[in-house]
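The values are calculated or read from the model by the stated rules, or taken from the named source; none is laboratory data. Everything quoted here is computed from the prediction, not taken from an experiment. Glycine gets a Cβ as well: all are built from the backbone with ideal geometry, and neighbour counts include every protein chain shown. Keep in mind that these areas ignore ligands, DNA and RNA; they rest on the heavy atoms of the full protein, side chains included. Shrake-Rupley method; radii C 1.70, N 1.55, O 1.52, S 1.80 Å.
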Amino acid sequence: MQLESMYQEIILDHYKNPHGRGLRDPFDAEVHHVNPTCGDEVTLRVKLDGDTVADVSYEGMGCSISQASVSAMYDLVVGKPVTEALETGEHFMTLMQAKGDPAVAEKLEDELEDAVAFAGVSKYPARIKCALMSWMALKDASARALSTTQAGGQ
Amino acid sequence: MTSTASRPATGARTPLPLDVEAIRADFPILSRTVRDGKRLVYLDSGATSQKPRQVLDAERWFYENVNAAPHRGAHQLAEEATGAYEEARAKVGAFIGAPENEVVFTRNTTEAINLVAYALSNAATAKEPEFRTHAVGQGDEIVVTEMEHHANLIPWQQLCERTGATLRWLGLTDDGRLDLSDLATVVNERTRLVAVTQQSNILGTINPIEQIVARAREVGALVLVDGAQSVPHQPIDVAALGADFLVFSGHKMLGPTGVGVLWGRYEVLDALPPFLTGGSMIEVVRMEGSTFMPPPQRFEAGVPMTAQVVGLGAAVEYLTALGMDKVEEHERALTGYALGKLAEIPGVTVIGPPDTVARGGAVSFTVEGVHPHDVGQVLDDLGIAVRVGHHCAWPVVRRYGVPATTRATFYVHTGYDDVDALADGIRAAQKFFGTV
């Protein structure tokens with residue numbers, strides 16, 4: 001079976017025991033993203049502390065890939081400056097475009113930590129959107145949170 | 001159409017009416033392998049069907065021997081192309097019991113429905129009084145059902161938004177049937193059109209069209225039947241159906257992509273203004289304004305998808321040779337068998353009617369603890385192609401409280417071995433995700 005290349009143990013662990021799940025207050029921005037081809041959904045909140053991502057909280061329903069991805073993302077971005085979190089998102093995007101190329105995964109290992117386990121997903125075009133949904137939601141929510149907090153600070 | 005389904009014991013392996021091995025030999029794609037050498041188990045005909053060699057040959061024959069734009073030009077190729085195109089129209093008409101002048105070729109079911117929806121709003125502003133008969137406007141109502149594919153929902157939502165008409169709908173029962181208890185109030189004197197699917201693409205339910213048509217007739221409403229999932233799978237006679245429009249897609253009935261059909265009762269088609277306009281649908285063109293051809297040409301602007309139409313003609317010939325009554329029986333036997341096999345697997349829930357009464361070969365299900373995408377992924381790894389997601393019928397999955405389903409659909413080349421592979425695959429998914 002080729003399945004193990006997609007469903008790495010780390011992914012299944014995140015799926016079964018998601019990190020940071022649940023919607024929490026306070027928050028600076030909340031977004032709701034859907035994957036219209038399959039109906040997967042995520043509601044995601046971002047709380048900033050200055051320029052740092054203080055918390056990301058979320059609720060959603062979807063496949064193992066989408067649910068594990070948001071959990072791995074939570075581990076990666078909380079406590080990081082927003083710019084760094086978004087850069088990590090760009091790295092994840094690069095990984096998803098790698099069509100399973102192990103060299104790309106190897107290069108991004110430090111930046112992506114657990115999330116590098118999603119490399120196998122990039123071989124399955126239909127599932128890339130599942131893995132990316134939460135990162136898209138984060139990008140959206142961060143932009144809104146920044147504009148809210150900056151406007152509030154003026 | 002009435003369903004004469006007897007109630008075979010589900011799970012029983014009765015002899016199949018169609019010779020699956022002989023039919024498979026006609027489908028070149030079924031001899032390829034997928035995912036590292038596995039036999040392709042194609043259970044996604046409800047999304048698009050595979051094509052037999054006869055259909056592919058017909059398209060190739062057209063391009064290699066006849067290719068020209070039909071209904072224009074006086075050369076021999078143009079004559080022959082027109083002949084091939086119109087011959088296919090006659091074949092498709094005969095397939096559904098309709099005269100050829102009631103058969104309009106469209107791109108697909110979706111375009112056929114949009115054609116009617118736009119004709120109804122165009123009717124309101126048509127300068128020709130004879131085109132205003134079926135105009136939809138403020139105070140009018142359009143009725144759909146909660147079971148519709150998005151293709152038979154969004155065009156009506158949009159029609160209502162354009163015209164100020166109101167969209168109403170019939171709901172669903174817990175066992176996957178239309179709830180017709182309020183049919184008499186939902187379809188009323190204000191109703192201009194009822195749009196309903198004959199067979200649900202997700203639940204497999206076959207709807208009692210005759211009952212809906214009877215109510216629509218009482219109030220003078222038009223009826224459009226979405227036959228995308230029924231015309232490929234059961235004998236259809238539009239006279240018996242009693243509706244005003246029947247729409248379906250070629251690609252779901254062994255034909256090419258890019259061709260669909262709008263059948264309409266001639267007097268209704270004749271009273272509708274065009275949707276798409278341009279070449280070949282006109283009678284006289286002046287700079288000040290133009291007049292239009294009678295149906296079906298009025299609704300076929302531009303050079304049509306001629307080779308695809310010819311391919312669709314070959315597809316209906318192929319199906320006719322098999323016998324649509326046999327196709328229907330074949331799928332009913334497979335559906336009964338599949339429902340029985342799935343019922344044996346703990347944690348599997350079928351979304352839709354639990355037996356084969358008034359039910360076609362679309363079997364949607366959920367697997368406890370395994371998301372439909374993940375079920376589909378495991379099946380794919382085993383060479384089994386199914387559809388996962390909301391199947392372009394989001395209100396249906398919402399109605400049954402699931403985010404998505406996995407769906408297997410059957411056709412003429414499907415055998416018991418395919419259903420066995422599906423059942424084994426579901427168990428493999430449960431094992432992989434540790435739910436058993």
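Structure summary
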| item | result |
| --- | --- |
| Inter-residue pairs, beta-carbon under 8 Å, first free of Cβ contacts under 8 Å to residues at least 12 places away in the same chain and in region B:59-76, second among the aliphatic types (A, V, I, L, M), 6+ apart | B:HIS75/B:ALA68 |
| Residue match in region B:114-135 (condition: in contact with a helix residue (DSSP H, G or I) (Cβ under 9 Å, 6 or more places away or on another chain), without any contact (Cβ under 8 Å) to a residue 60 or more places away in the chain, in a helix (DSSP H, G or I) and open to solvent by less than 10 Å² (accessible area, probe 1.4 Å)) | yes |
| Near pairs, Cβ below 7 angstrom, 6+ apart or cross-chain, from region B:408-436 (crowded, with 20+ Cβ neighbours inside 10 Å) to any residue that is at pLDDT 95 or above and among the aromatic types (Phe, Trp, Tyr) | B:HIS413/B:PHE27; B:VAL419/B:TYR337 |
| When residues of region A:1-45 are limited to those that are of a type in the set (D, E, K, R) and outside any helix (DSSP H, G or I), the one farthest from the other protein chains (Cβ to nearest Cβ) | A:ASP28 |
| Count of region A:92-123 residues which are open to solvent by 20 Å² or more (accessible area, probe 1.4 Å) and under 18 Å from B:ASP380 (Cβ atoms) | 3 |
| Given (1) within 9 Å of another protein chain (Cβ to nearest Cβ); (2) outside any helix (DSSP H, G or I); (3) touching a residue at least 40 places away in the same chain (Cβ under 8 Å), index of the condition B:VAL388 fails | (3) |
| Hey, A:VAL82 surrounded by 24 or more Cβ atoms within 10 Å (Cβ to Cβ), farther than 19 Å from A:TYR15 by Cβ and aliphatic (A, V, I, L, M) or not | no |
| Test result for B:GLY83, in contact with an Asp or Glu (Cβ under 9 Å, 6 or more places away or on another chain) and in the same structural domain as B:THR306 (by TED's automatic domain parsing) | no |
| Hey, B:ALA216 in a loop (DSSP other than H, G, I, E, B) and either crowded, with 22+ Cβ neighbours inside 10 Å or in contact with a strand residue (DSSP E or B) (Cβ under 8 Å, 6 or more places away or on another chain) (or both) or not | no |
| Where A:LEU48 falls short, out of the listed (1) farther than 17 Å from A:ALA115 by Cα; (2) within 12 Å of chain B (Cβ to nearest Cβ) | (2) |
| Options B:VAL348, B:VAL396, B:VAL363, B:VAL357: the member that is closer than 23 Å to B:LYS252 by Cα, more than 12 Å from every other protein chain (Cβ to nearest Cβ) and buried (at least 19 other Cβ atoms within 10 Å of the Cβ) | B:VAL363 |
